1. Could you list 99, 233 in order of exposure, starting from the residue whose Cβ has the fewest other Cβ atoms within 10 Å?
2. Within region 118-162, name every residue whose backbone N is under 17 Å away from a label modeled 7 Å from Cα of residue 112 along the Cβ vector.
3. At a Förster radius of 35 Å, what calculated FRET efficiency corresponds to the Cβ-Cβ distance of residue 82 and residue 43, to the nearest 0.05?
4. Along the three principal axes, how long is region 201-334 when you take its alpha carbons, biggest first, rounded to the nearest angstrom?
5. If you average the alpha carbon positions of region 119-182 and of region 6-39, how far apart do those two centres end up, in angstrom?
6. Could you tell me how many degrees, from 0 to 90 and to the nearest 10, lie between the Cα long axis of helix 342-352 and the main elongation axis, the longest principal axis, of the Cα atoms of the chain?
7. Where both partners of a DSSP beta bridge lie in the chain, what percent of those bridges are antiparallel, to the nearest 5?
8. Roughly what would the spin-label model give for residue 180 and residue 430, points 7 Å off Cα along C-beta, in nm?
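None of the figures in this text is laboratory data; all of them are computed from the coordinates on show. The model shown is predicted, which means the values in this text are computed figures rather than measured ones. As a convention, Cβ positions derive from the backbone with ideal geometry for all residues, glycine included, and neighbour counts pool all protein chains shown.
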């Protein structure tokens, strides 16, 4: 498991202390000096390394949220009442009056609870809650006005840029979460990632039914055509596919495979492909349950529900009662299959010395990377082969100009860095 940490350079020591008890997790550090660096540094991390989760504060999150994949577990650091209480006690220990005080970024409710718990006068506590639209200049102006109005001895700020601006004018205390708070949030994120991974490995089934039509439709021929279409769809390359009845095909796989093929249960391009290439209307259903039998039962129920729709569609039914649908027959996942480049893909596969199925799966992986580099071990994991086989495959692709070196990454402190490569298969398929 790999978790990314986006932190200010001055906070690394406390984060390292908090992460000492986290086992089985590799940390990728994104360390910045100025807030404007966050977007570029996070973009570089996502390009060179697959991360399973990301921990960052509200300000870095606002700076890079548009870069984050929709399915990436993210934890946003929130300073708790304990952290504010410690900052107030630190002020008293230094001989400063606990109030008046000017505070930024903490939630107003947290400030109110701590103020009442410590029996402080709320009228002498000025608070500016966090807002993504706040600028450093605006926060500094807020504190300056509060200092001039109340005569406070100090300011509590979670923003390092604000502390730098006010450091020469007044005392500034940071309210950064302590190791205990950080440790709890790190463990909570790790558990979320583990839960997601376990869910992705749950057994699932998909049932594809040729919709009933008039006597002129040859069901056996339509079913065979549907099976061949699914067998030649790279997203289903790791699935087990077989006939089910006269007009049905059943697909067995992990839940993660179906989630990827449907863009997280949004669309199923195979439905539109069946209509365009085979001239048949198909209804699909997916089931996620505790056993193969329950998965197939739920998938059949979902497929029967999809048949009631006027156009090709798909539904998902889980054993917990969740129902998702209808899924669209069209979507971005259609580009993963490269079926419109059949002749070009066959030609390229012959030149490289790989099977067309393997090259098509590699093209699908490249599309899923969305321009990000990949290591040989990650490529091997996605293909279900050994790491040595993954390295040999990379060398074979390199000999044909289908990958290019994109730097390296150090996953563990010990050991050699792993090289990163960017796949170039899609461009070669489309090359005239």
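1. On the way: 99 19, 233 23.
So the ranking, lowest neighbour count to highest, is 99, 233.
2. Under cut-off, by backbone N: 118-130.
3. Details: r = 34 Å, r/R0 = 0.96.
It comes out at approximately 0.55.
4. Taking the Cα atoms of region 201-334, the three principal extents are 40, 28, 26 Å.
5. 23 Å
6. Roughly 80 degrees between the two axes.
7. 45 percent
8. 5.6 nm
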